[in-house]
Amino acid sequence: MFDDLIMPPADKILSLMPIFRQDSRSNKIDLGVGVYRDASGTTPIPRAVREAEKRIHTAQTTKAYVGPAGDPVFCDLIGRLVFGEAAPWERIRGIQTPGGAGALTVLAGLISLARPGAAVHVPDPTWVNHVSILEDNGLRVVTYPYLDRRTGEVDFDTLLDHFSRSERGDIVLLHGCCHNPTGADPSRSQWQALAEIIAERGLVPLVDIAYQGFGEGLEDDAFVVRLLAGMVPEMLVSSSCSKNFGIYRERTGAAFILARNADRADAAKAQLTVRARVVYSMPPDHGSAIVRTVLEDPALAADWRAELDDMRSSILSLRQGLAASFRRFTNGSDYDFLAKNKGMFSLIGLTPGEAVMLREQHAIYIVEDGRINVAGLQASQIDTFAEAVLAVRGKR
Ligand SMILES: Cc1ncc(COP(=O)(O)O)c(C=O)c1O
């Protein structure tokens, strides 16, 4: 039965992890894997999360099943974090999922059920797993132009032109904030213009918000979700708690749908729940219990928000340091986009061959497409990194 199976291509991000671990050079730097790191290089467990875990450990009396849709209180709390208080709640439903990837999986299954073989427009480039999850659910992936590689910013006119020619009913995948891998987000006025085209042309937005709080803040980062929720009859949203709560391995997220009316919302939620039952039966409970405990306690919630603000500020100061370092070494502004990009990722503009040189000659690990995780840098490594990038590009 397994005789004809071929090895799948290596995952460009995950395959770096074991190579990095085995690298014995003491000066090695990991900018590959997408996790936040603090000044000591560790991925911290936020204080509020630790405290919530203690409370859960003491108070929990059973590990009996919760159910395929997970904890409704968690869904409500995350729903309010994402959609804000003023959303059309009677038309919104959500279920708890194993991370953002689980949410995208059940949402892709729902799209496929409602519109078999539908076209889903994804940005070029996008998170690689988007394409895999959508195609695995029988959907047709179409790319839309996203990045102006000369400026490191969104190529907005070309993007808008793409959507002004899309078919009614097509699905449009948007990164809610902190675009992965480019770090380039549309401005508010650009989101507004894009939302108008989406509404006018009857496109259905699928917003993936995996880094809420890492860009401009919890509220500001949800701008496009909230904007669209007030403008379109139907939308889908995938939300992840992995990064902003620092609970990556606890697999915590939520899938939401906004429907034309309460009746359609109930039907869509019931079908989403069937998808969950078929794919993984039920989401894990621990992560959602942590999130619920934090968000239900005003003191813990305030502490979590403060720590999230610190993470965002630390990424921002690394970005500014990096742009300043490149400015010094190049006497130019080619890398200024690094300070403008949002969230953990940017494309540093290296070819796959140059990325390999960076790894082999300088012990710096980045993804082959040139994606760097800015949060993987420590302030003391900024100049080393900038010099190494310029060296492999033959600019130094
Ligand atoms: C854009 C994007 N969406 C979704 C996810 C899924 O996150 P998780 O499944 O770990 O919650 C990620 C994780 O890297 C991501 O970058």
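I need the Kirkwood Rh of segment 190-331: take the reciprocal of the average 1/r across all distinct C-alpha pairs and report it in angstrom. Present the calculation step by step, with values, prior to reporting the outcome.
Values: mean 1/r = 0.0564 Å⁻¹.
Mean inverse Cα-Cα distance, inverted, gives 17.7 Å.
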With only Lys, Arg, Asp and Glu charged, each at its Cβ (+1 for the first two, -1 for the last two), find how big the charge dipole of segment 30-128 is about the Cα centre; round to the nearest 20 debye.
220
With +1 on the Cβ of every Lys and Arg and -1 on the Cβ of every Asp and Glu, and nothing else charged, how large is the dipole of the chain about its Cα centre, in debye rounded to the nearest 20?
400
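Per residue, how much accessible surface does segment 162-249 expose to a 1.4 Å probe? Answer in Å², no decimals. Working shown, then result.
Details: 2670 Å² over 88 residues.
I get 30 Å² per residue for segment 162-249.
For segment 249-288, which trypsin sites (Lys or Arg not before Pro) are in a loop by DSSP, counting at most 12 other Cβ atoms within 10 Å? Each step should come with its number before you reach the end.
On the way: sites: ARG249, ARG251, ARG260, ARG264, LYS269, ARG275, ARG277; in loops: ARG251, ARG260.
Within segment 249-288, the qualifying trypsin sites (Lys or Arg not before Pro) (loop, at most 12 other Cβ atoms within 10 Å) are ARG260.
How large is the dipole of segment 65-296 about the Cα centre if only Lys and Arg carry +1 and Asp and Glu carry -1, each at its Cβ, rounded to the nearest 20 debye?
Details: 21 positive and 28 negative charges, 128 e Å.
With Lys and Arg at +1 and Asp and Glu at -1, about 620 debye.
Only bridges whose two residues both fall in segment 65-296 count here: according to DSSP, what percent of them are antiparallel, nearest 5? Don't skip to the end; give the middle numbers.
Working: 14 of 31 bridges.
Within segment 65-296, antiparallel bridges account for around 45 percent of the total.
Stick to Cα atoms and the Kirkwood definition of Rh, then tell me Rg/Rh for segment 65-296. Write down the numbers at each step before the final one.
Values: Rg = 16.3 Å, Rh = 17.4 Å.
In segment 65-296, Rg relative to Rh is 0.94.
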Within the chain, what whole-number % of the accessible surface is contributed by carbon and sulfur, with the 1.4 Å probe and all protein chains included in the calculation?
52
Given the rule -39500 (n - 2.57) for each run of at least 4 DSSP H residues, summed and divided by the residues of the chain, what is its mean residue ellipticity at 222 nm, to the nearest 500 deg cm²/dmol?
-13500 deg cm²/dmol
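If you filter segment 128-168 for GluC sites (Glu not before Pro), then keep DSSP loop positions with at most 12 other Cβ within 10 Å, what is left? All intermediate terms of the calculation are to be shown ahead of the outcome.
Details: sites: GLU135, GLU153, GLU167; in loops: GLU167.
When the GluC sites (Glu not before Pro) of segment 128-168 are filtered for loop state and at most 12 Cβ neighbours within 10 Å, GLU167 remain.
Hey, what's the per residue convex hull volume over the C-alpha atoms of the chain, in cubic angstrom? Could the numbers behind the result be given before it?
Values: hull volume 62.9 nm³, N = 396.
Per-residue hull volume (Cα only) is 159 Å³.
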On a straight-distance basis, which lysines could pair with LYS395 in a cross-link, Cα separation under 27 angstrom, same-chain partners fewer than 8 positions away excluded?
LYS12, LYS28, LYS340, LYS342
Pairs of alpha-carbon atoms within less than 8 angstrom and 6+ residues apart define the contacts here; what relative contact order does the chain have, in percent?
25
Write down the radius of gyration of segment 250-334 and its Dmax, each obtained from C-alpha positions, in Å.
21.3, 61
Please state the Cα pair-distance histogram of segment 120-188 with 10 angstrom bins from zero: what percent is in each bin?
20, 53, 26, 2
Which residue fluctuates most in the GNM of the chain (Cα springs below 10 Å): ALA199, ALA306, ALA265?
ALA306
Chymotrypsin sites (Phe, Trp or Tyr not before Pro) within segment 48-108: which are DSSP loop residues with at most 14 other Cβ atoms inside 10 Å?
TYR65
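Indicate, rounded to the nearest 5 percent, the antiparallel portion of the DSSP beta bridges found entirely in the chain. Don't skip to the answer; put the middle values down first.
Details: 17 of 36 bridges.
Antiparallel bridges make up about 45 percent of those DSSP assigns within the chain.
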Taking just the alpha carbons, could you work out the radius of gyration and Dmax for segment 299-383, both in angstroms?
14.6, 49
Which of the helices in the chain meet the span-like rule: DSSP H, Cα axial reach of 24 Å or more, Kyte-Doolittle mean at least -0.5?
262-279, 298-330
Show which lysines lie in cross-link reach of LYS269 when reach means a straight Cα distance below 29 angstrom and same-chain residues fewer than eight apart are skipped.
LYS63, LYS243
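The values are calculated or read from the model by the stated rules, or taken from the named source; none is laboratory data. What you see is a predicted model, and the numbers here were worked out from it, not measured in a lab. Methodologically, a virtual Cβ is constructed for each residue, glycine included, from the backbone with ideal geometry; neighbour enumeration extends over all protein chains shown. Just the protein is used for accessible areas: all its heavy atoms, side chains included, with ligands, DNA and RNA removed. Shrake-Rupley method; radii C 1.70, N 1.55, O 1.52, S 1.80 Å.
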